[in-house]
Each structure stands twice: as structure tokens, then as C-alpha cells.
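Participant: Encoded as C-alpha cells, here's the structure I'll be asking about.
The values are calculated or read from the model by the stated rules, or taken from the named source; none is laboratory data. In this text, all values refer to a predicted model and were calculated from it rather than measured experimentally. As a convention, Cβ positions derive from the backbone with ideal geometry for all residues, glycine included, and neighbour counts pool all protein chains shown. The protein model used for the area step is the full one, side chains on, heavy atoms only, and it has no ligands, DNA or RNA in it. Shrake-Rupley method; radii C 1.70, N 1.55, O 1.52, S 1.80 Å.
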Amino acid sequence: MHRRQFLRCLAAGSLAGACGRYLPDEHLLEVSTLQSRAAQIPINQLWGEAADRLMGAHPGIRVEPASGGGGGYQELMIRVMEGNPPDVMSFATAETGLTYAYVEQGHVLDLTQYLQGPAADTPGATWLETIAPLYYNTLTYQGRFYAIPQNVISLQIYCNAALYQQVGASLEPRTWDEFLDNCARLKAAGIIPITQDGIHWYTSWWFDHLAQRLVGAEATGKAFRDPERSVPWTEPGFTQAARLVGEVLDRGYFAEGFAGLNHIESELLFWQGRAATVFVGTWFTSGRAEVMGEGFRLYAHRFPQVEGGKGDPHELIGTVQTLSIPARARHPDLAAELLRIIDSRWFQEQMVEKALMVSPLVGAALPSAQQGLERLLADTTRFHPFSFGLEGAHPFLYRQYWNEWNRFMVAREISAEELVHNLELLFSLYYQSSPA
Amino acid sequence: MEARAKALKGVAVLFMGFYCLSSAVALAWVVYTSFKSNAEFFASTWSLPSQLRWSNYAYAWANAEMGHYFFNTTYLSALATAGSTLVGAMAAFVLARVVFPFRQVALYFFLAAMMVPAMLYLFPLFVQMRHLHLTNSHLGLLLLYVSMGLPFTIFVLTGFFRTLPRELEEAALIDGASPWKTFWMVMLPLARPGLVTVAIFNFISFWNEFFWSLILLHSGRLYTLARGLQTLFWNLSTESRWTELFAGLVIVMLPLMVVFMLLQDRITAGLTAGALKG
Amino acid sequence: MLQRELRKLILPLLLPGLLLHLVFFALPVLNAFYYSLTSWSGITLEKEFIGLDNFARAFGDRTLQTALANILFFGIFGFVLVFPLSLLFAVVLEENPPFARLLKFVIFAPTLLSVVVTAVLWGSIYNPVIGLLNETLRAIGLEEWTQPWLGRRGAALPAIGIAMVWQGLGTYVILFLAGLQKIPRSFYEAAQLDGADAWQQFWLVKLPLLWDVVQILVVLWVINAVQAFALIFVITRGYPNVTEVLGTYLYWAGFQGQSIGYASAMGVIMFALVLGLSLLVNRLMRREAIEY
């Protein structure tokens, strides 16, 4: 009898515990970017501290990682669709900033009102005013704000300042020819000029940027995204872009055998001082303190312009890591407060110092590790999303795109003319056969 | 002729020796590298550590939370094994000893699952778990594991129950026992050898299970060892913290290796019995 | 009578298992077939029924074709290595050589390890900059042979194939060993009386009697190759890669490619492959079972 009763109690207890999962928790704020504090990634620690601050100001509220947070993007979307979203999440896919489709479907809360409230710890300024206007277009849709920025992600060319100075190379090459000159000097001194991941899509950035420099952002954007093909890939500017990269390859400026390196291995060559240049994004330094070593002098300069190109050299390809509040979040006001803390000077300064990330706030200091970024960002007039949004909008096409590019750049199987011809074929076929 | 056979045998032994040696060397490399510092490791891959850096293990256990994952994996595997073996034994008994319409259909219903790749029903199951609020929870993973263990358990145990003499249930019932008691008090204890085999096999598969913990678990504090190791690998190699990664790797490898060393004969016997029955 | 009494047990004993299996297996499988006939992206609510369009698309999908080719490679490469090696090792172990226990441990241990462990171990060995393989080659003066083992398709496929073999070998060795040990001594004596030497004994006695085991091995390996996912996924950090297989492509399509419908269709294709190949192998390898 005793055993039976015990078993019954156990069963009842477990059932109750299990059911507890299904009761809505009035005091729980779910944040998708919050993660376990261990695995000492500094940004996670900071998020933990921000959550602590919120909980301190509002006793009785718990802030926890949302189920599906930290990479479970698919799951988050299912939650949004079933009407049970977390309170804070990012409606951006990969590196494309705010994804408009979600805003159009009414999943995202309009934050304009909140942004016009006071900033967290900058007296006399509204929240919006503390954010550098450069980033506004990554946060808005049809004039309203749907996201707030956490950190900036942009692509630039990083140099090993010590090696550059050793060979007399310029740390701020303005034109493509000056850039090639740098490479020549490095190669003559026996240093690998450029290290590169040859397996993934990182190679296609060379093409994106040269295309923008030669043909202009608008035309390039159309080549990527216009189903009507108003600007086909066969435009001479794109062929020229490919040829320029071909030149760099022919002169042996890329690391030998880069074809087989992934980004970690190729970056290692840079950190070890064997290669002097790498074309990569601002995430480059986060978490790399161990491998960077003491006294490594890093310098970043913008992608050079091309003489006679139509593109505006003051435009950057990049984005900000955005955070939004789902339209049906249970605690929008509290969520907004948490987001305000993320954009506070306190959080942002720590982020810059400890996580070595770049802040989107006006007048923010830059990570000491990334010299040159100041001038870069100060000079920039516009941000364009990676691959002009192709990755988020048409992932299958994006994959085919960089696979084809790698056939040109890495495998060297096709010529520049064949490349643009194949690309146009791929894109036309894809856009013709897909519905909207 | 004999000479040729002897020569070939010699070559075979040499070959096997070489294979085992390389395998052992690779594992030894991981172990002794886990005691080096990253600087030492980059300087020379082959060198032995100058001193035993236990801090690598401390890092893996605490900062990288492998200790936490160890605990998760232990209790999840234990519960899932118990649940799976029990529920499976219950079902196996009915399918083996009780005659009822559609009995064969029911049996094949379970066994068919062994031929079906998990990737077929990956997405529907994921969506379903989401709707049931069972994603990112140990409860959901546990239920799934118990369910996953059923086909193999039932496969082995039905075979086992069939080998028991028919008269046993009759005798128990004649003695006045209820069918319920007959199962729990008479039949199940008799199945102990089969249960042990199945339990060992199930425990090992749950301990190593990676796929579903990848799909269903997203919060770090819930991770199992396999899932944690994967995250560790992706994160630490990016940060070039190889020695800490290897420490984590050793932590994951060690338990099963030790258990195997102690129970080598038992485990291989049990696994052959189970596998050969197929 | 007996059965009538026992039938009372059906509900309490069979039901829990049946329920679990239904909810966590049968239902999802049925849904999978349903999803494969829709264009569901997974991030919106609309599930438009498009019939067999997903399969038609799969037919012309170049990436899918490469993925299948890779699976074929792993299947054949792995099998060609695993079968002779495990048979060889089993034959050697049968003679009970010195250090038999240790050898068995080293051969079988990898099977007990999680696939993630294998992936991390071999991923580190193959690392072009600080990995064991390249460093060893440099140390013994074979610098020209060093290369990015996981970077180029030509090297990555065999490299990962070897990792697969390393992990799977143990099971097959044990199976063969058990099979060999079951053969009664009398068979060998009879063969010797007929004048067969060790070499002929192997081909004429051991191999035919092991045919059952060989058959299991082939089917198991084929199923493993078609379903391959975890090892490749972890080693390549989840990125689309030169070693893309059906499993990784399927995973990518659903979680990043925003096409759960298409991914489900790929799942159906995988299932069809597993079934079809198993049936094929069974048919091709059918022989009279030798009773003894």
C-alpha cells in the first residue's frame, strides 16, 4: 500500500510539474539573445548583467533565455506564428538586417514611440538621438522604426600595421591601384599579402564590393534582387569587377592553397603574422584575445575605390545587429526597457571594451584593437546589406551565387565572361520559376 | 601453400598492429595536448607538455560548463534507459505472449521504425514538439528518447520472451496470481539477462546521442555532453583555444572508455547477442 | 483461460509504448509526407499544396546531385575499407594473439564514442595548420604532401571516409569474430582431411559461413552512408561545404534555406533510398542459408 501511494504521489507530482510548462507565466520576460553566462563569451556576460539591472529595477520579474534562443531561429519563427513569441528577439536573418517580410506580416512591434522617449543614461537626449543617424536605414521600414541596434557589423580590410610599415605599404590606400601596390610590396618582402577563406561565401565579398565600386550600389542591388532583370549580370561593369579579382589572383597575392582554407585557418595565418591582410568583418576580433597575442597592431581601412568607377566610395556593405519586440509579446514595455539598457552608454562602453565590438552610438569610442575604424565610419554615408539582402530573401539562389563565384575565383575553372554569363542564367532561371 | 598463409597472416598482424598503434597514438596526442598551453601547442604540435596544466580541465569543466553537461547527460541517460527498457519490456511481453487480433501488425509497427531515417520526420517532429511546448526541455527530450529506444528494445525482448517456456504464465495463474502480478513478479525477472543487454545498449546510445539534442536543445544549461562538445568545438577553435577544447574532449571520452575497460567482456557479449539476433 | 486472462494486460502494458510511438514517430512520419507535398517555408503560415513539384525540383537540383554523389562515395569507399579490414582483424583476433584484450579495446573503443567525439578528434587531426597529420608529415620531411585535408573535395571525401571507417570498424570486427567463433571445429577438421590448407580454409569454410554477417554489414553500412549527417555537420561547422550530403543539405534547406516543404521531400527521398538499397542488397546477396 505504501509503495502504491508513493508511486501515485510521484506520478501526480510529475504531471503537475510537467503541466506547469503550459501555464502562462506572468512574471517571465523571455529574451532570445540571452544565453548561458558560462562559456565566457563577453557579450553573454554583459547581457546577463543587463538582465540583472532590469530585474533589480523590477523585483518579481524574471528574465530568461527564450526557448529557441541562440541559434534556434526556426523555432522562434514558429513561436511567432503560433502567437506565443518571446519578448525580445531579432527579426533579421543572417547578415541582412531587418527582414521586411516580417514587418509586413505584422509580426514586429513599432518602436518609434519608445525611441522618442528619454535615453537610458544620456541626460537631455532621446533614445533615438543617441544612435548615429548612419544606421537609421537598417532599423526602419517605411519611415517607422522596428528595431534597435546592438552593435555594428561592417566589412573592411584589416592590416597587420607592423608588417605594413615594415615594407612601406600605405595603411590607407584610396584606390585599387594603391591597394595592389601594397600587395606587391608585401609579396616582394616574402610576406603573404592576402589571406582568404576559399571554401565559403567570404570570397564573394570581393565581387560585391568591386561591383558596387564600379557600377554603383543601385545597379548592383538590381542585379541581385530584380526579378525583371533590369540590370543583368552581363553588364560590362561586373565583368570588369571579376577581371580585377582575377588580376590579384594571377599575381599570386592570395595565400597559396587558400582554396582549402576555412575562415578560422586563414585568419590564423593573419594572427601568426604570416599574412598581412584580410578582408573580413568587425566580428573579427571578438573572442580572439588569446590568439591575437600581446602587442598585435591591427589597422582597418575601407575597401578602396576604383578609378573611374560609378560607385560612391563612402558607402559600406554592412549592417547592425538588430533587436526587436514581437508584436504579440507579453511584456512590451519591460522589453523596451531592457532594450534601452542595451543602448545605454554603460552597456555599449563595456561592449566596446570587453567584447571588442563596434558601437552604433553617437560619439562612441571604438575598440582599441581596431584602429582606423573611426575614420572609416566617420566617412561613411550609407550602409548596404550583405549581398544586398539576397541571402535572407533567396537562400538557395545565394548559395548558387557564391558557388558559381568560387568556380571563378577559387577553382579558376571559368573566365570572367563565362562567370557573368552563368550568373545571369542562374538568376533569370530562378526568378522566372519562383512565384512572387 | 602453408608458407603463403603464414606470410599473409604475418602481414595481417603487422597491418593490425599499425592500425591499433596509430589509433592509440592519435588518442594519446589528444590526452597529452590537453595538458599543454595554447602557446606551447602552436609552437610545436608534437611536443610533450612542460607541466600538467590542470587549468585547462578547470576551464572546460566550469567555464565551458562541461561539468554541468556531464550531470545532465548522466541523469537523462539513466532515466531514458529505465523508461525505455521498462515500457519496451511491457510492450514486448504482450506482443510475444498474448494472442490478439492485429498482433503482428502491432509488432511490425514498432519494428518498422528501425528502417526509417530520423531525417525523414525531423521537421514535422520539431514542429510538433514546438506545439506541445516540449522543445528546449529535458522533459521533451526524455519522452523522445524513451520513444526512440522502443523499436530496438521490443525487437530484442520479444525474441527473448518467446524463448521462455509456455507453462510459466499458466503455472503462475493457476497458483492464484493476477495477470498483472504474473508479469511483474514472474515474467519480468526471468527476462533479466535480456533486460541487461538492452539496458546497456540503450544507455550507450542515449549517452552519445547528438542529433535530437542538436535539434531540440538551445539553452546552454540544458545541453548534453555531445551537444556541449559540438558547441565547444565550434566556439573554442574559433578562439584558437585548442588545449582547452582537448580537455573537454577527454572529459567526454573518459567515462565510456573507463566503463568499457571495466566491463569489456560483458558489453561485447551483450552487443553481439543483440546484433546477431538480427 | 490463459489467453483470456493475459488479454487483460494488453491495455496497461501495450498502451504506453503504443502511444509514445504514435506521437513521436508515426504522426511525424505521416506529416513528413504531407509537408513534402507543400511549399511550406517554415517561417510563414501558408502551406500551399503543390503536389510533386518538390520532387521535380529535386531532380534538377545540382547541389542534391552532388550530395548523392558524395553519399555514393562514402558508401563505396567505406565499404571497401571496412569489409576487408574487419574480416582481417577478426581472423587475426580469432587466433588469440598476445595482447588480444588490448587490441580488442583499441579496435572497439571508437564505436562507443559519440559521433561528435570522432568529428572533433579527426577535425583536429586534419587541421592544415596545427593538426597531427600535417605536422607529422612535416616532421618526417614529407612537406609536399601536406594539404588542407578538409578543404578540397578530392581530399575531404576520403578524409571523412576514413573517420567513418575508424568509428564503425569495431562493430563489424566484433560481429565477424562472433560469427567465426560459432563455426564448429569439426568443419575445419573435415576441410583439413580433404587436404585444404589455411588459405583455402578461409575462402571455402569461413567466408561462406559468414555470409549472414556480411549481409548485415552491407545493409548497415549502406543505411549509415545514406543517413550520414552528424559527423560531417560537426566537422564542417554546419556550413555548406564540398562534402555536402543529403542529411546536411536537408538540414540546411529547412533551417536556413527557409524551405521545410522541400526539405521534407528530401527526407522522403532519403527514406526511399534506404528502403530501396536494403531491398536491393538483400536480393543480390541472397544465398541458401547454411544450417549448422
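Participant: Note every residue of the range C:130-151 with a reduction of at least 20 square angstrom in accessible area, all protein chains present versus the isolated chain, computed with a 1.4 Å probe, or write none.
Facilitator: For the range C:130-151, once contacts with the other chains are taken into account, C:I130, C:L132, C:E135, C:T136, C:P148, C:G151 lose 20 Å² or more.
Participant: How much solvent-accessible surface does B:R130 expose, in Å² to the nearest 10, with a 1.4 Å probe and all protein chains in place?
Facilitator: Per-residue accessible area (B:R130): approximately 10 Å².
Participant: Rounded to the nearest 100 Å², what is the sum over both chains of accessible area buried where C meets B, with a probe of 1.4 Å?
Facilitator: Looking at C and B, the buried total is near 8800 Å².
Participant: Where is the GNM fluctuation largest for chain C (alpha-carbon springs, 10 angstrom cutoff): C:I130, C:I216, C:I160?
Facilitator: Maximum among the listed residues: C:I130.
Participant: To the nearest 0.05, what FRET efficiency results for A:Q432 and C:R153 with a Förster distance of 35 Å applied to their C-beta separation?
Facilitator: The value I calculate is 0.70.
Participant: As a test of the formula, what do you get for chain B when each DSSP H run with n ≥ 4 contributes -39,500 (n - 2.57) and the sum is divided by the residue count, at 222 nm and rounded to the nearest 500 deg cm²/dmol?
Facilitator: The helix-only estimate for chain B comes to -24000 deg cm²/dmol at 222 nm.
Participant: How much accessible area does C:T248 have with a 1.4 Å probe, in Å² rounded to the nearest 10?
Facilitator: C:T248 exposes around 10 Å² with every protein chain in place.
Participant: Moving to a separate point now. Pick out, in residue order, every one of the trypsin sites (Lys or Arg not before Pro) in the range B:158-214 that is DSSP loop and has at most 15 other C-beta atoms within 10 Å; say none if there are none.
Facilitator: Listed in order of number, the matching sites are B:R166.
Participant: Under the definition of Cα pairs under 8 Å and six or more residues apart, what whole-number percent is the relative contact order of the range B:61-274?
Facilitator: Values: 184 pairs, mean separation 68.9, N = 214.
Over the range B:61-274, the number comes to 32 percent.
Participant: Normalised by the residues of chain A, what does the relative contact order come to in percent, with Cα pairs under 8 Å and at least six apart?
Facilitator: Reported as a whole number, the value is 25 percent.
Participant: In the P(r) worked out for the range B:1-110, what percent of Cα pairs fall beyond 22 Å?
Facilitator: 68 percent
Participant: Taking a temperature of 25 °C and a viscosity of 0.890 mPa s, what whole-number D in µm²/s does Stokes-Einstein yield for the range A:154-226 with Rh from Kirkwood over alpha carbon pairs?
Facilitator: Values: Rh = 14.0 Å.
D = 175 µm²/s.
Participant: Select from C:G151, C:G17, C:G238 the residue whose mean-square fluctuation is largest in a Gaussian network model of chain C (Cα-Cα springs shorter than 10 Å).
Facilitator: The residue with the greatest mean-square fluctuation here is C:G17.
Participant: Could you work out what % of the accessible surface of chain C is carbon and sulfur, using a 1.4 angstrom probe and leaving DNA, RNA and ligands out of the count?
Facilitator: Reported share for carbon and sulfur atoms: 66 percent.
Participant: Next question, about the same structure. Run the dipole for the range C:50-284 about the Cα centre, Lys and Arg Cβ at +1, Asp and Glu Cβ at -1, nothing else charged, and hand back the magnitude in debye, nearest 20.
Facilitator: Using only the charged Cβ atoms, the result is roughly 380 debye.
Participant: Hey, got the average number of other protein chain Cβ atoms within 10 angstrom for residues in A:257-268?
Facilitator: For peptide A:257-268, the averaged partner shielding equals 6.
Participant: Using a 10 Å cut-off on Cβ atoms, rank the peptides A:401-410, C:109-118 from the highest mean neighbour count down.
Facilitator: Most protected by this proxy first, the peptides run C:109-118, A:401-410.
Participant: So, R0 is 35 Å and r is the distance between the beta-carbons of B:Y75 and C:L284; what FRET efficiency does that work out to, to 0.05?
Facilitator: About 0.15, to the nearest 0.05.
Participant: Over all alpha-carbon pairs of the protein assembly as shown, lay out the pair-distance distribution in 10 Å bins, whole %, shortest bin first.
Facilitator: 2, 10, 18, 23, 21, 14, 8, 4, 1, 0, 0
Participant: Moving on. Could you pull the Rg and Dmax for the range C:160-243, using just the Cα atoms, both in Å?
Facilitator: 18.5, 61
Participant: I would also like to ask the following. State whether the range C:98-224 is rounded, prolate or oblate according to the following rule on the C-alpha gyration tensor (a ≥ b ≥ c being the square roots of its eigenvalues): a/c under 1.5 gives rounded; otherwise a/b larger than b/c gives prolate, and the remaining case gives oblate.
Facilitator: On the way: a/c = 2.58, a/b = 2.21, b/c = 1.17.
Taking the square roots of the gyration eigenvalues as a ≥ b ≥ c, the range C:98-224 is prolate.
Participant: In the range A:41-188, if every C-alpha pair distance is counted and binned at 5 Å from zero, what percent goes to each bin?
Facilitator: Histogram of Cα-Cα distances, whole percents per bin: 2, 7, 12, 14, 15, 14, 9, 7, 8, 7, 4, 1, 0, 0.
Participant: FRET efficiency for C:F55 and A:A101, Cβ-Cβ distance as r, R0 = 25 Å, nearest 0.05?
Facilitator: For C:F55 and A:A101, the calculated efficiency is 0.40.
Participant: What accessible area per residue, rounded to a whole number of Å², is obtained for chain A using a probe radius of 1.4 Å?
Facilitator: Dividing the accessible area of chain A by its residue count gives 40 Å².
Participant: Where the only charges are on Cβ atoms (+1 Lys, Arg; -1 Asp, Glu), what is the dipole of the protein assembly as shown about its Cα centre, to the nearest 20 debye?
Facilitator: 3080 debye
Participant: Okay, moving on. Once the dipole of the protein assembly as shown is set up with Lys and Arg at +1 and Asp and Glu at -1 on Cβ about the Cα centre, which of A:Q212, C:F176, B:S55 lies farthest towards its positive end?
Facilitator: Farthest towards the positive end: C:F176.
Participant: Relative contact order for the range C:50-284 using alpha-carbon pairs under 8 Å, separation at least 6, rounded to a whole percent?
Facilitator: Reported relative contact order: 29 percent.
Participant: Between C:L275, C:L13, C:L177, find the one with the highest GNM mean-square fluctuation for chain C; connect C-alpha pairs within less than 10 Å.
Facilitator: C:L13
Participant: Say the dipole of the range C:8-149 comes from +1 at the beta carbon of Lys and Arg and -1 at that of Asp and Glu; which of C:I140, C:F99, C:A26 then lies farthest toward its positive end?
Facilitator: Positive-end residue among those listed: C:A26.
Participant: For chain A, just list the percent of Cα-Cα distances falling in each 20 Å bin from zero outward, please.
Facilitator: Calculated over all Cα pairs of chain A, the distribution is 23, 52, 21, 4, 0 percent.
Participant: Another question, if that's okay. Along the positive direction of the dipole of the protein assembly as shown (beta-carbon charges: Lys, Arg +1; Asp, Glu -1; about the Cα centre), which of B:V186, A:S286, C:A156 reaches farthest?
Facilitator: Result: B:V186, furthest along the dipole toward the positive end.
Participant: Each residue of the range C:212-223 in turn: what ³J(HN,Hα) in whole Hz from Karplus with 6.51, -1.76, 1.60 and θ = phi - 60°, glycine and Pro shown as x?
Facilitator: Whole-Hz 3J(HN,Hα) from phi for the range C:212-223: 4, 4, 4, 4, 4, 4, 4, 4, 4, 5, 4, 4.
Participant: Just flag the GluC sites (Glu not before Pro) in the range A:181-273 sitting in loop per DSSP whose Cβ has no more than 10 other Cβ atoms within 10 Å.
Facilitator: Passing sites in the range A:181-273 are A:E228, A:E256.
Participant: Here's another thing I want to ask about it. Report, in cubic angstrom per residue, the convex hull volume of the C-alpha atoms of the range C:1-139. Intermediate results must be reported in sequence, preceding the final value.
Facilitator: Working: hull volume 42.3 nm³, N = 139.
In the range C:1-139, the Cα hull volume divided by residue count equals 305 Å³.
Participant: Moving on to the next point. What is the dipole size for chain A, taken about its Cα centre, with +1 at each Lys and Arg Cβ and -1 at each Asp and Glu Cβ, in debye to the nearest 20?
Facilitator: The calculation lands at about 1040 debye.
Participant: Using label points projected 7 Å from each Cα along Cα→Cβ, tell me how many nm separate A:R243 and A:A365, to one decimal.
Facilitator: 4.8 nm
Participant: Given points 7 Å out from each Cα along the Cα-Cβ axis, report the B:L48 to A:E294 separation in nanometres with one decimal.
Facilitator: 2.9 nm
Participant: If the cut-off is a Cα-Cα distance under 25 Å, which lysines reach B:K181, setting aside same-chain residues fewer than 8 apart in sequence?
Facilitator: Within reach: C:K8.
Participant: For chain A, which whole percent of the accessible surface, found with a 1.4 angstrom probe, sits on carbon and sulfur atoms?
Facilitator: Here carbon and sulfur together make up 53 percent of the probe-accessible area.
Participant: So, one more: Inverting the mean 1/r over all pairs of different Cα atoms, compute the Kirkwood radius of the range B:149-211 and quote it in Å.
Facilitator: With all distinct Cα pairs of the range B:149-211 included, I get 13.1 Å.
Participant: Grab the Cα-Cα distance for B:A269 and B:V25, subtract it from 0.36 nm times how many residues apart they are, and report the gain in nm with one decimal.
Facilitator: Result for the pair: 85.1 nm of gain on full extension.
Participant: Considering only protein heavy atoms and a probe of 1.4 Å, how much of the accessible area of chain B is carbon and sulfur, as a whole percent? Could the numbers behind the result be given before it?
Facilitator: Working: 8030 of 11000 Å².
In chain B, the share of accessible area belonging to carbon and sulfur is 73 percent.
Participant: Which of the aspartates and glutamates could a cross-linker bridge to A:K310, judged by Cα under 12 Å and excluding same-chain residues fewer than eight apart?
Facilitator: List returned: A:E218.
Participant: Ok, one more. Give me the mean projected area, in nm² to one decimal, of the convex hull enclosing the Cα positions of the range C:50-284.
Facilitator: 16.4 nm²
Participant: Here's a follow-up. Under the classification rounded if a/c is under 1.5, otherwise prolate if a/b is larger than b/c and oblate if not, where does the range A:195-341 fall, given a ≥ b ≥ c as square roots of the Cα gyration tensor eigenvalues?
Facilitator: Because a/c hits 1.5 or more and a/b fails to exceed b/c, the range A:195-341 counts as oblate.
Participant: Related question: Along the three principal axes, how long is the range A:268-340 when you take its alpha carbons, biggest first, rounded to the nearest angstrom?
Facilitator: Per principal axis, max minus min of the Cα coordinates gives 52, 42, 16 Å.
Participant: What Kirkwood Rh does the range B:61-274 have if only Cα atoms enter the pairwise 1/r average? Answer in Å.
Facilitator: 19.2 Å
Participant: Work out from phi, with θ = phi - 60° and the Karplus expression 6.51 cos²θ - 1.76 cosθ + 1.60, the ³J(HN,Hα) of each residue of the range C:149-165, listed in order in whole Hz, and give x for Gly and Pro.
Facilitator: For the range C:149-165, the Karplus-derived couplings read 4, 9, x, 9, 4, x, 8, 5, 4, x, 4, 5, x, 5, 4, 5, 4 Hz, x marking Gly and Pro.
Participant: How much accessible surface area, in Å² rounded to 10, belongs to the heavy atoms of A:D250 with a 1.4 Å probe?
Facilitator: 120 Å²
Participant: Measure off 7 Å from each Cα along the Cα-to-Cβ vector at A:T112 and B:E170, then give the distance between these two points in nanometres to one decimal.
Facilitator: Using points 7 Å along Cα→Cβ, the separation is 8.6 nm.
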